[in-house]
Structures are given as C-alpha cells and as structure tokens.
Amino acid sequence: MDANTMTAAAAGTWKLGDLTVSRLGFGAMRLTGTAGFDLGRPRDRRNSISVLRRAVELGVNHIDTAAFYFSPLRSANELINSALNPYPEDLVIVTKVGPGRDPSGDWFAATPEQLRGQVEENLRQLGRDHLDVVNLRRMRQESIAEHFGALAELREAGLIRHLGVSNVNLAQLAEAQAIAPVVCVQNRFNVEVREHDEVLRACGEQGIAFVPYFAISGERREGGAATDSSHESEEVLRVAEAHGASAAQVKLAWTLHQGPHVLAIPGTGDLAHLQENVAAAALRLSPEEVDRIGALA
C-alpha cells in the first residue's frame, strides 16, 4: 500500500445526526504525550500541530478529543484550536465529559451538576460557541440517567448539537435513548477485546455509530500499539504480508469491516504513523480474512 496517495475518503462516510464524517477519523489523546495522560516529557508542540493539519489534509474530518487529554505543557483541545481554528466547515469535533482531572492531573468523577462546567471548559479550549458531539463517558455508576439528562438539558440550551455515550452496556444505552437521541457509542473494542459485540450489533440495527477506542492497541490500552511485531498474532501478520500492509493497518481495516456504522479513531503523534493509519481506509480484506482475524478473540 502506498500511504502517500491514500486519503480518509476511501473508508466511506457515516452520519452523526446531521453531520457527515469519514469513517476513518483521528483520536487526539496521544498528541500531548506518550499516552495522552503522560506526566513525563511532552510531545513537541509544532509536531503535534503538524499532525493535526496533515490529518485534515488527508481527508480526516472527525476528531475525537476531551478536556482531560492533557499533560504538562500540552492540552489536546488547545492544540486543536491552534492548529485548525478557523475550523473547516465539514470538521466535526467530538469530545467527552464525565471523567475530570484537576490541574495537577488527579482524576475525579463529575457529578451531574459539574457537567455544565466540563462542557464550558471544552467550549473555551476549542474556541467554539457550541460542541458538535459530546459523549457521556460512564465512570463507575450503574445508571447514567441523571448524568445524561443533565447533558440533554445543555443540548436543549444550544451548547451541544448531538449526544453520545461511552463505556456503556445495552441497558445503559437504552436508558440514554429514553432521554434524548444518541448518535454514537464509544466503547473499547478490537481484535483481542470483544466484550461489546452485542452493543456493536445493536448500534448497527438502530443506525447509531459505533466508535471503538484502543482499536489497534488491544490489551495494551493507553500504551498504544507496539513498534515491533513480536506481540502480534501469526494470523494478523499473515494477512498483513498478503496485502503489503502493517499489522496496525490490518487491525484498522478489520475494525471498519465490522459494519458501515463502525468508525475508527486511531491516534498518533507521529506523521508517518498518521499517514499509515489513514491509508488503512483503502485496505479491503476478504470475508475469509475478516472471519479468521475475528476468531482470534
């Protein structure tokens, strides 16, 4: 695959409400440090801005972010604002609330009353007067009704255009849908981790976007994909070799093959990796290859 000639358009599109996005998007978490929450050495700011601008040049119009994506000296939202504002008309920025971090980086779970402050913080950092899509990221609560209801009120007030949910099961998705329309579900899902298969299928049946996170990293989670192939299954490596692709590209292609409603938001702070990820939009696996890889879970 020639990564230099591929664009995100090859993945096709899906709608988040009335907003059309490429199915191959970009996750901003890793722009601020090794894993987005890293309290070590921050990434070079100019490099992160270059990655964002190049992503848009490559046809990416769906960027996933959060106000709690920050490390010393770096904020994902501030980088997005600096790199892309004034924003292209077709650019959709999806953010999330629920978890929070104080200025020292310590985590807390927001109460329903604190969600307005989190939404306003995203608005300030991004330089927007409304947010395209806001996901409620469930923390430890079993019921999300009170939190999602608070976001629905902010949607009615015009601060949010569309709502989504994250880290939910079928019952919690239904709970949210009874309050306000849900345009996307963002859950952990990849070749190795398939605990949300039922949610993925339900989203397809209902026309809701399913947006996996950690689609490449598997069990490594925030650590990201390894730089060598020693941890990859032989099956993934065989498929990659057959297509002249990398293991990460095969995993992204497999993700997109799970249904037209499935989006991908791979994140990186490296220009070469960005181009490689975007090129996966054009990788077509055979039904047999999809099944063989799917059997690895």
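Worth a mention:
- A search for C-beta distances below 8 Å between a residue of the stretch 245-262 that is farther than 17 Å from residue 21 by Cα and any residue that is outside any helix (DSSP H, G or I) and hydroxyl-bearing (Ser, Thr, Tyr), counting only pairs 6+ apart in sequence or on different chains, returns 247/229.
- Residue within the stretch 61-75 that is buried (at least 23 other Cβ atoms within 10 Å of the Cβ), of a type in the set (A, V, I, L, M) and within 30 Å of residue 250 (Cα to Cα) present: yes
- Only one of 148, 108 that is in contact with a helix residue (DSSP H, G or I) (Cβ under 8 Å, 6 or more places away or on another chain) and either outside any helix (DSSP H, G or I) or under 14 Å from residue 168 (Cβ atoms) (or both): 148
- Summed over the stretch 248-274, residues that are buried (at least 21 other Cβ atoms within 10 Å of the Cβ) and part of a helix (DSSP H, G or I) total 11.
- Scan of the stretch 106-144 for residues that are in contact (Cβ under 8 Å) with a residue 12 or more places away in the chain, surrounded by fewer than 17 Cβ atoms within 10 Å (Cβ to Cβ) and either under 14 Å from residue 93 (Cα atoms) or within 19 Å of the chain's Cα centre (by Cα) (or both), ordered by number: 127, 130, 139
- Filter pass, residue 123 being at pLDDT 95 or above and touching a Leu at 6+ places or on another chain (Cβ under 7 Å): yes
- Selection from the stretch 275-297 of residues that are in a loop (DSSP other than H, G, I, E, B) and among the small types (Gly, Ala, Ser): 286, 295, 297
The values are calculated or read from the model by the stated rules, or taken from the named source; none is laboratory data. All values reported here derive from a predicted model rather than from experimental measurement. FYI the Cβ positions are ideal-geometry reconstructions off the backbone, even for glycines, and counts take in every protein chain you see.
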